[in-house]
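Asks: I have a structure here, written as structure tokens, and I will follow up with some questions on it.
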Amino acid sequence: MSERTPAEGIRAVGLSCTVNGVPAELDVAPNKRLLHILRDDLDLTGTKRSCEIGRCGACMVLVDGKPVNSCLTMAYQCDGRSVTTIEGIADADRLDPIQQAFLEEGGYQCGYCTPGMVISVKGLLSVTLDPTDEEIEEALSGNLCRCTGYGGILRSVKNVIAKYKEGY
Amino acid sequence: MGLNRSASGERWRVRPDGPAKVTGALAYLTDMKASGMLHGRVLRSPHPFARIIDIDTTKAAALPGVHAVLTYKDVPGLNAYGIAVQDQPVLCEDYVRYVGDAVATVAADTPELAERALSLIEVEYEVLPIVDDPETALEEGAPQLHPHGNVLHRAGYKAGEADSAFATCAHIIEETYTTPRQMHTYMETEGGLFVPEKDGRLTVYAPTQHGLMDRLQLSRILAKPQQEIRVVSSPIGGSFGGKDELNIQPYGALLALYTKRPVRIHNSRWESVRAGLKRHPMRIAMKTGVSEEGRLLAHQVRIVADTGPYATLGAEVLNFAVEHVIGPYRYANLDVDSVSVHTNNGMSGEFRGFGGNQAIFALEGQMDRLAERLGMDPWQFRRLNMRQQHDPGPFGHPIAQTNGAEQVWAALEESSLCAERDTSGDTATTPPWIKTGTGAAFVMHGAGLGFGIPDPAGGRLQLAADGKIEVLFGYEEFGQGLIATLELMMIEEFGLSADDFRIMIGDTDIVPDSGSSTASRATSMMWKSLQRMRDPFRQHILATAAKRLECEAKQLIMGSGGIRSKQQPDKLLLSYLELAAFSDEPVVVETNFIFPAPDTKRVGAHLLYTYAAVAVQVEVNTLTGRVRVIDQFHAVAAGPVMNPQGYLGQIEGGSSMALGYTLTEKAVMEQGQYMTKNLDTYLIPTIAESTGRFEVVPIEDLPEGDEHGPRGVGEIGSVGLAPAIAEAVYQAVGKRITKLPIDPKELQEIPSFMGKAVRNG
């Protein structure tokens, strides 16, 4: 899929948003995909490129706290919004409990789907800290993992839910 | 006992590469950039088969911002590649033979300009009639892909007289099994960065399963000495065999050398689909006969594999399939014949399981059908015919003996799935259109490349100036957890702490020749290498320390942080940093050997095997025809568990791949064109299909005196599930599966109330 550049007829306009809490002013075409803005313009390569049609979830980010496929999100849709990528999930000195759970349970192998997976779990747990199995399936069914078979991922999600219940 | 985190205690560790993976900080090779870099693209054939009449790059080259448009004329060395046989053109000159064939490659300032340049390259083709079916390709008068014809390879095996033995059989089952073109679907598509260095060398940052093989292949193509090429090849976002062969490396390398600028390439998913390898589709016809008592008297097999246009490892995959259609059973008479055929379909090649997946789906299907014909329990029927310890291997060749077949069978018998298999899972609350069934399969899977194929192994240990013990292997980390396994081995073999040493892989400038990270071989070979290096390295370290400490080496031991007193291990006498500073000669031990192969003349025959038994319970929805796996049991006999998290992950992950193979995955081709171009139509399992119970039981003991240690588990999880599901489906609804993926239409039933409605209407 190609992105048309401003030279090809679409005028670049200012994109004003926050990325991981930091204000960003970017001169990009309004139809430029958020995935490419993050990876190419902002060097935030934790957001991964894979299918680019919104099927695999490797490029998942939070826009105003909700998980979206950044490959399907255009620049203009982010204007005035808050974008959170995998790089913005952890505190400066501490991993997010979700990331910690993935480490403990081994909820990853090659790691390429992991940022998107963590983002989707973050999106889920921002809605409820005690999701049902069906809610977990629903929340993560847009994130493909080819390595783990999802066993480790499910254990990671259960791990973090249990920790929240214990008052993490 | 089942393998899990709590049962593993301290051996369940956070992977060294974990923190960077969960934070997104890990720079994959497709994440890399360099200042002044260009963007590379490849022009691929729109036709499955055509003669090239002319390639005109004038307009593309004239586009401002385009820095190179290269064709076959610009390949300085061998215009061909292939791990085993170099027959795949880097850039096609006279013919294109599939829709992934590369015709030109461009480098431009932006990806958009590179794409525009591709559209300006004018290629005149004479479109040719295609062959898109391997059996048609064998017919007289079929279009021929190569001067040598359409046959890549034939392989067979005969023992006894199967033909005449059928006359003595009480029962014979004949069936033809068909398996799909499965896509690896690594989440990271192929790509990388190619940097021409100031000193004339080229650095290639691109995933592969064997950096030194890529270096050799690139050296041939570029006509550049291997020493002038550095291949950095890890970390990798998944591979499963799919990135072992060259993919985009030749184009990035050519463009970088031509433009003298760094070039980045990263395939779109569609380009990955069209150009990349897939699992060989196979048709396997089997005729198998038994005596009245259920003994296997004759087994006849015919395999036809669609290998696509070029060789890559098509011959080796076929050899493997021939070995594995025989498998862990005793037969009085055997007759296997097979052929791997060129077609204008996509490229087939190496894929986790390596021909075993297809072979064992068919073989185990025969076992279930024969048992039923005999009125025997299918597991008892297998037990009756299963190889015994000390039996030779499938080709009657000597193998490293374990009792794995018997052990996994026994573990299966003890599983809860076995205990419950005769009781229907249907309960009062189960709707009448949901049917449950249980099935099982047995697997004997070879590891290593086999007899007659160069299969080097080895590694190096050295004490670096900064006091770190450097652990060097030429293996690649594509997710399997090889670094984590190696870390645990170093801790356990030497008593070190994780921060006493530094693991170095994936860089041809520094690593020894360890062979490929394929064929379930890396863990075995790391273990073996460390066994060979442990004592010499320890002696070297302790002798040096003894000099410094002015004592006898035998009073010292290696431990966490440095050299310790044997008498008082709590006492640190000398840190590794102090030792490195004192040592005036390098403390290095290297080992080089070959992966153990059997004493036979049979190319590809294996010495080491892993055994597995898989049982599943499924639910079949007879309204939709969908199959749901609700319980899985895997017993795996592979020697000691080197890394519990990695072992479990390999079996779970391999099984997931097999679940897709069985239920949904098929790269559909029509007339040599891919119909499934992305993950909206090529469906791999999601978390929603993966919530069933899952138990892995590792069988760790090996016969006394076994010198081979841990066997590989990288592939075996991906092999046995398909036949187990097929049998479970049969138990549930009485329909035999011969073709994967299972077509839901075959399992749909018209509910009785609908039948009534029709009659009443």
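Readers should treat all values here as calculations from the given coordinates under stated rules, not as data from a laboratory. Being a predicted model, the structure only gives us computed values, none of them experimental. Reconstructed Cβ throughout: ideal geometry from the backbone, glycine too, with neighbour counts over all protein chains shown.
Asks: For B:THR600, B:THR624, B:THR136, what ranking results if the residue with the fewest other Cβ atoms within 10 Å of its Cβ goes first?
Replies: Lowest to highest Cβ neighbour count: B:THR624, B:THR136, B:THR600.
Asks: Still on this structure, I have one more. Please give the average number of partner chain Cβ atoms lying within 10 Å of the Cβ of each residue in B:105-111, rounded to a whole number.
Replies: That average works out to 1.
Asks: Taking the stretch B:469-570, which GluC sites (Glu not before Pro) meet the DSSP loop condition and have no more than 10 other C-beta atoms within 10 Å?
Replies: Here the GluC sites (Glu not before Pro) that fit, given the DSSP loop and packing criteria, are B:GLU550.
Asks: Order these peptides, B:184-197, B:700-713, B:506-519, by their mean beta-carbon neighbour count within 10 angstrom, highest first.
Replies: Result, highest mean Cβ count within 10 Å first: B:184-197, B:506-519, B:700-713.
Asks: Highest mean first, what order results for A:60-72, B:654-666 on Cβ atoms within 10 Å?
Replies: B:654-666, A:60-72
Asks: While we're looking at this one, here's another question. What does the structure give for B:673-679 when I average, per residue, the other chain Cβ atoms found within 10 Å of the residue Cβ?
Replies: 2
Asks: If the cut-off is 19 Å between C-alpha atoms, which lysines fall inside it for A:LYS163, apart from same-chain ones fewer than 8 positions away?
Replies: A:LYS163 reaches A:LYS122.
Asks: Putting +1 on Lys and Arg Cβ atoms and -1 on Asp and Glu Cβ atoms, find which of B:GLY720, B:HIS280, B:SER119 reaches farthest to the positive end of the dipole of the protein assembly as shown.
Replies: B:SER119
Asks: Quick one: which residues, 5+ away or cross-chain, put their amide H under 5 Å from the amide H of B:GLY639? H built at 1.01 Å from N.
Replies: B:ARG711
Asks: Could you tell me which trypsin sites (Lys or Arg not before Pro) in the stretch B:595-664 are loop residues by DSSP with no more than 15 other beta carbons within 10 angstrom of their beta carbon?
Replies: Here the trypsin sites (Lys or Arg not before Pro) that fit, given the DSSP loop and packing criteria, are B:LYS601.
Asks: If you don't mind, there's one more thing I want to ask. Taking θ = phi - 60°, what integer Hz values does the Karplus form 6.51 cos²θ - 1.76 cosθ + 1.60 yield along the stretch B:335-340, in sequence order, with x for Gly and Pro?
Replies: 8, 10, 9, 7, 8, 10
Asks: Let me ask something else. DSSP loop (so not H, G, I, E, B), at most 14 other Cβ within 10 Å: list which GluC sites (Glu not before Pro) in the stretch A:91-168 pass both filters.
Replies: A:GLU166
Asks: Using a cut-off of 27 Å between alpha-carbon atoms, which lysines can reach B:LYS571, once sequence neighbours fewer than 8 places away in the same chain are excluded?
Replies: Correct list for B:LYS571: B:LYS468, B:LYS547, B:LYS554.
Asks: Same structure, new question: Tell me, what HN-Hα J-couplings in whole Hz come from the Karplus equation 6.51 cos²θ - 1.76 cosθ + 1.60 at θ = phi - 60° for each residue of the stretch B:38-49, using x for Gly and Pro?
Replies: My calculation for the stretch B:38-49 gives 9, 10, x, 9, 10, 8, 10, 5, x, 10, x, 7 Hz in order.
Asks: Let me ask something additional. Restricting to bridges with both residues inside the protein assembly as shown, how much of the DSSP beta-bridge set is antiparallel, in percent to the nearest 5?
Replies: Taking every DSSP beta bridge with both residues in the protein assembly as shown, the antiparallel ones total about 80 percent.
Asks: Right, next: Using only Cα atoms, locate the centre of the stretch A:25-70 and the centre of the stretch B:274-294, then give the distance between them in Å, rounded to an integer.
Replies: 44
Asks: Using DSSP H assignments, which helices in chain B have an axial alpha-carbon span of 24 Å or above and a mean Kyte-Doolittle hydropathy of -1.0 or higher?
Replies: On the way: long enough: B:356-374 (26 Å, -0.25); B:522-549 (37 Å, -0.48); B:644-663 (28 Å, 0.03).
Correct list, ordered by number: B:356-374, B:522-549, B:644-663.
Asks: Can you run phi through the Karplus equation (6.51, -1.76, 1.60; θ = phi - 60°) for the stretch B:443-460 and list ³J(HN,Hα) in whole Hz, with x for Gly and Pro?
Replies: Karplus-based 3J(HN,Hα) across the stretch B:443-460 equals 9, 10, 10, x, 10, x, 7, x, 4, x, 10, x, 9, x, 9, x, x, 9 Hz.
Asks: Just to be sure I understand the model, the point goes 7 Å from the Cα along the line to the Cβ. What's the resulting B:LYS198 to A:LYS66 distance in nm?
Replies: 5.2
Asks: Just to confirm my numbers, what's the Cα centroid distance between the stretch B:489-553 and the stretch B:365-423 in Å?
Replies: If we compute the Cα centre of each part, the gap is 39 Å.
Asks: Only four residue types carry charge here, +1 at the Cβ of Lys and Arg and -1 at the Cβ of Asp and Glu. Report the dipole size of the stretch B:566-717 about the Cα centre in Debye, rounded to the nearest 20. All intermediate terms of the calculation are to be shown ahead of the outcome.
Replies: Numbers: 10 positive and 20 negative charges, 125 e Å.
Dipole about the Cα centre, nearest 20: 600 debye.
Asks: Which of the peptides B:103-115, B:221-233 is most tightly packed, and how do the rest follow, going by the mean number of other Cβ atoms within 10 Å of each residue?
Replies: Values: B:103-115: 23.1, B:221-233: 18.8.
Sorting B:103-115, B:221-233 by mean packing, highest first, produces B:103-115, B:221-233.
Asks: What's the average, rounded to a whole number, of partner chain beta-carbon atoms within 10 Å of each residue's beta-carbon in B:681-689?
Replies: Mean partner shielding for this stretch: 6.
Asks: Quick one: which of B:LYS73/B:LYS224; A:LYS32/B:LYS260; B:LYS677/B:LYS735 span more than 22 angstrom between C-alpha atoms?
Replies: Flagged as over cut-off: A:LYS32/B:LYS260; B:LYS677/B:LYS735.
Asks: Once you have the Cα-Cα distance between B:ALA20 and B:ILE510, take 0.36 nm times their residue separation minus that, and quote the gain in nm to one decimal.
Replies: Here the segment from B:ALA20 to B:ILE510 would lengthen by 174.1 nm.
Asks: Here are some pairs, B:LYS59/B:LYS278; B:LYS243/B:LYS739; A:LYS48/B:LYS278; which of them have Cα atoms lying more than 32 Å apart in this structure?
Replies: B:LYS59/B:LYS278
Asks: Averaging the inverse of every distinct alpha carbon separation and then flipping it gives the Kirkwood radius. What is it for chain B, in angstrom units? Provide the component values of the computation, followed by the final result.
Replies: Working: mean 1/r = 0.0362 Å⁻¹.
That comes to 27.6 Å for chain B.
Asks: From the square roots a ≥ b ≥ c of the eigenvalues of the alpha-carbon gyration tensor of the protein assembly as shown, which class results: rounded (a/c under 1.5), prolate (a/b over b/c), or oblate?
Replies: Rounded, because the longest to shortest axis ratio a/c is under 1.5.
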